[in-house]
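The values are calculated or read from the model by the stated rules, or taken from the named source; none is laboratory data. Given the structure is predicted, the values throughout are model-derived calculations rather than measurements. Note that we place each Cβ from the backbone using ideal geometry, even for glycine, and neighbour counts take in every protein chain shown. When the accessible area is computed, the model is the full protein with side chains, heavy atoms only, and any ligands, DNA or RNA have been set aside. Shrake-Rupley method; radii C 1.70, N 1.55, O 1.52, S 1.80 Å.
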Amino acid sequence: MPAHVATSDSPPDPHDPLAHERAHLAASRAALRGMREDVQALDIRDVTANWVNAAVLQAQIDDRIKALADLSHTPLFFGRLDYLHAVGGDLAEGTDGERFYIGRRHVHDAVGDPMVIDWRAPVSQPYYQASRTSPQDVGLRRRFGYTGGELTAYEDEHLTDPAEAEQTSRLLQAEIERPRVGPMRDIVATIQPEQDEIVRSGLGGTVCVQGGPGTGKTAVGLHRVAYLLYAHRERLARTGTLVIGPNRSFLHYIEQVLPALGELEVKQATVDDLVRTGVEVRGEDEAATAVVKGDARMAEVLRRAIRSHVTAPVEPVVVVRGSRRWRVPAYEIQEMVDELLARDMRYGAAHEALPQRIAHAVLVRMEEAGEAPDDRVQNAVARNPAVKAAVKAIWPAVDPAKLVLRLLSDAEFLAAHAEGLLSEEERKRLLWAKPARSVKSAKWSAADAVLIDEANDLVARTHSLGHVVLDEAQDLSPMQYRAVGRRCSTGSATVLGDLAQGTTPWSTESWGEALFHLGKGDAVVEELTAGFRVPREVIAYASRLLPAISPGLAAVESVRESPGSLVVREVPGGAEGLGSDGLDAAVVAACEESLRHEGSIGLIAADARIPVLGAALAAAGHAYLSPGEETTAESRLTLVPASLAKGLEYDYVVLDEPAAVVDGEPDERTGLRRLYVALTRAVSGLTVLHAAPLPEALG
């Protein structure tokens, strides 16, 4: 199918390809407006049976209108494929192949002919995968360059022309390096072949992506969600999708990626959001205590504690109906209890099943006596006071929060169910110094909420989603992995992370261990080692830390060489200068220098240094943002605590006092990992300022 070209009174110059492409862009935008106007004009008054159906249909229409919005800052298409032959194989021999414009969403004209093809469609895949060695029937691949939303350049690759030398795409490089303000943007125009393979992997399996800084693992995960929603929309519309990030700042940073791709229905949450149901988190654990609470052994402690509520029947159950008395002996009830325990049912499901088992035994006796009871009789017997009293004594209901409260307050109860699992020292760490009187008055910690979530699942099964994306997964504890795994127990997951960036005391040491706790031991582990974001000089400097923080992990090989992108500057005054006016002034000056460039600026510092640097910036007349606040052309400087830097990126980064970043963590390895994160947030330039000696691991 030939490309659609807009017509007007002044047709574009046939000898000017850029004019033709601009005309096609204008026509495509007009077609998208037409698609949106068609939806807005829909009249549903005569097609809905009642107000409920009308409300549901109107909500769907509203979502469709939002999805068809033309985002002025987002190019409608970014590439073009000219196939040598018809994709469907239906053109006559000797005729030209089809031409497709590749973009973020599908656009068709008034008669339904495509003007822009969704990047997720099978016909678009060669845009990412085709090469000179495997052209995939693509004769020409054209990339487009944009400035301020206007199409300003194009670049061609003739994949089947042996006379054309292979070279790095300048437009691709420029798109990667383009200064960024605002939230994270999509990478759909710059997806690389190895990334595309992960994005398009099937819904049925779980994929784990190990990727160092700048390899695009987060964006790959988000684009995988967009692809799965395209390929399996009906199924995922029923089962749901969820993106889990490390904190709210991170989620705010990434929240515009999926809407830019036309996907509006994906929920976002942190692990804390998932498990904080019913209790208020007001407390905080010491690191050693949190490690024990996050250990997978706690799942067995909880299982034992819940099952301890089941007791042996001591007397028969006698059900009176009319003039008859029906007796179920204790040994028979014990057999029912043993069978339910052996089936390892959820505690709550077994609690509901036991009265039905007892009632069924009564019905058997009724039938043997010549009666003909039906299901209504069985349900009535199950609700009989004698049966209810017996079940309450044998298999009582359990409140998960109260159970955890007792474990953390009652030394004898904890010891009884942690025997052979936790040491005496570990049990002491778990016990509260001052036990709470009630669930509401308790100062629950984040780790406690995860324990309650586990107990909730032991009582009643957690609802499972169709697909879950878990980002910065290396920082989760085994119990947190279990909490996430419950949310996709019947679905699949995309797990994203970097073992070298694990900055919690309980961070995982291997993906095999993490995936086991997640319940996805058969997941495929992919590794991204080609860096596209962090300049080569910067990532090489940060990679000096790898032998100390994650031995054996491959360093990222950046494809971007940027001389002068790294500056390491010692501020006179030595260690005594830490926090002094001299260092603060040097940091402010470095920020001012960075602000002379285009793009966003991140000032990253140890958490303890943030108030001091904030005051120094204010005194110098510089307004600054906090992580999670959106940068704009007028406000480009963000003051970032090192603890919140993970996952964020800035065009230029000023890093204050590396030694203070390391010292701000409970141990040296965690501190060096935190420093590794801070060193790798820059896209164009990094300035490191220090008064104290640099950590020895930096060489």
Open item on the list: Can you give me the angle between helix 347-368 and the longest principal axis of the chain, using Cα atoms only, in degrees from 0 to 90, rounded to the nearest 10?
Closed with: 40 degrees
- [ ] Using only C-alpha atoms and all pairs of different ones, pull out the Kirkwood radius for segment 329-374 in Å with one decimal.
- [x] 11.5 Å
TODO: Restrict the search to segment 298-331; then list the trypsin sites (Lys or Arg not before Pro) that DSSP places in a loop and that have at most 10 other Cβ atoms within 10 Å of their Cβ.
DONE: none
- [ ] For segment 587-699, calculate the relative contact order in percent as a whole number, restricting contacts to Cα pairs under 8 Å that are 6 or more residues apart.
- [x] 30 percent
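Check each of the chymotrypsin sites (Phe, Trp or Tyr not before Pro) in segment 297-377 and keep only those in coil by DSSP with at most 12 other C-beta atoms within 10 angstrom; list them in order.
Working: sites: Trp326, Tyr331, Tyr347; in loops: none.
Qualifying residues, ordered by number: none.
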Task: Solvent-accessible surface ranking, highest first, for Arg104, Arg427 at 1.4 angstrom - done: Arg427, Arg104
TODO: With a bin width of 10 angstrom, please list the P(r) values of segment 591-699 as percents of all Cα-Cα pairs, from the 0 bin to the one holding the largest distance.
DONE: 15, 51, 29, 5
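Where does each of 261-271, 223-233 land if you order them by average Cβ count within 10 Å, highest first?
Working: 261-271: 17.7, 223-233: 20.5.
Order by mean packing, descending: 223-233, 261-271.
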Task: Tilt relative to the chain, helix 610-619 - C-alpha long axis, 0 to 90 degrees, to 10 - done: 40 degrees
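Quick one: which of 461-471, 638-648 comes out on top by average Cβ neighbours within 10 Å, and what's the full order, highest first?
Numbers: 461-471: 20.5, 638-648: 22.7.
Highest mean packing first, the order is 638-648, 461-471.
Please go through the residue pairs Lys388/Lys428; Lys267/Lys434; Lys293/Lys520 and name each one whose alpha carbons sit more than 31 Å apart in this structure.
Values: Lys388/Lys428 38 Å; Lys267/Lys434 38 Å; Lys293/Lys520 22 Å.
Beyond 31 Å: Lys388/Lys428; Lys267/Lys434.
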- [ ] Give the shape of segment 527-675 as rounded, prolate or oblate, defined through the alpha-carbon gyration tensor: a ≥ b ≥ c are the square roots of its eigenvalues, a/c under 1.5 means rounded, and otherwise the shape is prolate if a/b is larger than b/c and oblate if not.
- [x] oblate
Open item on the list: Output the 0 to 90 degree angle, nearest 10, between the alpha-carbon long axis of helix 400-409 and the longest principal axis computed from the alpha carbons of the chain.
Closed with: 80 degrees
- [ ] Normalising by the residue count of the chain, find the relative contact order in percent from Cα pairs under 8 Å and 6+ residues apart.
- [x] 13 percent
TODO: Whenever you get a sec, compute what percent of the accessible area on the chain sits on carbon and sulfur atoms (1.4 Å probe).
DONE: 51 percent
